1. Which of the pairs K117/K147; K114/K147; K85/K114 have their Cα atoms more than 27 Å apart in this structure?
2. Where does the range 1-93 land on Rg(C-alpha)/(2.2 N^0.38 Å)?
3. With a 1.4 Å probe and every protein chain left in place, work out the accessible area per residue of the chain in Å², rounded to a whole number.
4. Which value in deg cm²/dmol, rounded to the nearest 500, describes the helix-derived mean residue ellipticity at 222 nm for the chain, given -39,500 (n - 2.57) per DSSP H run of n ≥ 4 and division by the residue count?
5. Measure nothing fancy, just the Cα-based angle from helix 25-43's long axis to the longest principal axis of the chain, in degrees from 0 to 90, nearest 10.
6. Can you compute the modelled spin-label distance between T70 and Y98, with each label point 7 Å from Cα toward Cβ, in nm?
7. Long-range amide H contacts for Y59: which residues qualify at under 5 Å (H placed 1.01 Å from N, peptide plane, sequence gap of 5 or more or a different chain)?
8. If I compute solvent accessible area with a 1.4 Å probe over the protein chains, what percent of it on the chain is carbon and sulfur?
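The values are calculated or read from the model by the stated rules, or taken from the named source; none is laboratory data. Bear in mind the structure is a predicted one, so any value in this text is a computation, not a measurement. Using ideal geometry, Cβ is built from the backbone for each residue, glycine included, and neighbour counts are taken over all protein chains shown. Heavy atoms of the whole protein, side chains included, go into the accessibility calculation; ligands, DNA and RNA do not. Shrake-Rupley method; radii C 1.70, N 1.55, O 1.52, S 1.80 Å.
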Amino acid sequence: MFIEKDDLGSVIYSYQIEDITEGDDNLVAQACAAAIEEAKSYLTPNIKTKQSFDGRLLYDVEAIFSAEGTDRNSLILQHCATLAKWHLVTLCNADVIYEQAKDRYDRAIDWFTKIAKGTINLTGLPQLTISPDTETAEAFYSGSRTKFIHE
């Protein structure tokens with residue numbers, strides 16, 4: 001997996017993890033898996049819309065999240081750890097400042113949103129080269145609103 005229990009040490013103390021999960025490493029694995037899926041959902045381009053082909057960078061999500069050890073992008077790893085911490089804290093906030101965890105979670109989501117919109121770019125990440133074609137992109141629709149009638 002891209003992120004594991006040992007990687008959470010940068011965002012939450014190990015004794016806090018033990019208090020929250022009561023030693024159940026399956027809960028930690030579930031939180032890490034949820035964090036990875038959440039991060040992937042922001043970075044995966046929707047090739048069914050023309051919006052994905054507006055010039056923003058499209059990242060190779062599978063290559064990013066299949067990296068291991070020191071090959072992993074440290075910034076994405078840090079934000080994924082924050083997301084995993086949030087998923088653990090929702091179980092119980094034993095000795096964890098809830099507002100601080102929520103604030104950091106919101107900042108991580110905001111960062112992933114900016115990456116997805118192309119507001120910020122990470123040049124070190126593997127990128128996709130997909131061209132819009134008629135099979136993957138939906139047709140452009142135009143029209144107007146229905147007529148407004150005062151009565």
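1. The pairs that break the limit, which is 27 Å between Cα atoms, are K117/K147; K114/K147.
2. Dividing the Cα radius of gyration by 2.2 N^0.38 Å gives 1.21.
3. Ligands and nucleic acids excluded, the result is 65 Å² per residue.
4. About -14500 deg cm²/dmol.
5. Between helix and principal axis, roughly 20 degrees.
6. About 4.2 nm separates the two model spin labels.
7. Sorted by chain and number, the residues that satisfy this are L128.
8. 49
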